[in-house]
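Input: a single structure, listed below in structure tokens.
The values are calculated or read from the model by the stated rules, or taken from the named source; none is laboratory data. Keep in mind the model is a prediction, meaning the values are calculated, not measured. Methodologically, a virtual Cβ is constructed for each residue, glycine included, from the backbone with ideal geometry; neighbour enumeration extends over all protein chains shown.
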Amino acid sequence: MKRAARKDANHNRVMNAFIEYGWTVLDIWQIKNACDIIITKNGQTVACEIKDGNKPPSARKLTAGEKDFRDRWSENGHWRLVKSLDDVTAVNREFSRRNIVSVMNDYRFWG
């Protein structure tokens with residue numbers, strides 16, 4: 001029996017936190033076998049699967065379709081599992097640093 005897609009309880013909080021950090025957010029949680037949101041900022045694009053960190057680990061497992069999407073997307077792009085607002089902060093920091101390093105490397109190359 002197929003189950004309808006459900007939005008995790010923390011979905012809107014996670015999405016709004018990314019927006020507060022300046023990310024543009026595409027909310028696609030209703031698309032089967034994909035991630036929940038795609039975020040982009042400063043040339044960085046990340047597919048994010050949102051899981052409710054308050055649920056037990058067994059309730060946070062990726063479905064087969066989510067795993068397949070993660071594996072295919074990760075071949076050429078960035079994918080992150082986000083369970084909390086702390087994870088949002090970590091993703092924001094990670095990709096802000098990548099952008100700074102990229103700009104520094106471009107400057108060294110051209111400068």
Item to check | Residue match in region 12-26 (condition: among the polar types (S, T, N, Q) and modelled with pLDDT under 95) | outcome: no
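So that you can scan it fast, the table gives a plain yes or no per residue for (1) surrounded by 12 or more Cβ atoms within 10 Å (Cβ to Cβ); (2) under 15 Å from HIS11 (Cα atoms); (3) of a type in the set (Phe, Trp, Tyr):
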| site | (1), (2), (3) |
| --- | --- |
| ILE50 | yes, yes, no |
| LEU62 | yes, no, no |
| LYS67 | yes, no, no |
| ARG93 | no, no, no |
Checklist entry - Going through region 18-47 one residue at a time, which ones are of a type outside the set (Val, Ile, Thr), surrounded by 13 or more Cβ atoms within 10 Å (Cβ to Cβ) and under 18 Å from ARG97 (Cα atoms)? => result PHE18, TYR21, TRP23, LYS41, ASN42, GLN44, ALA47
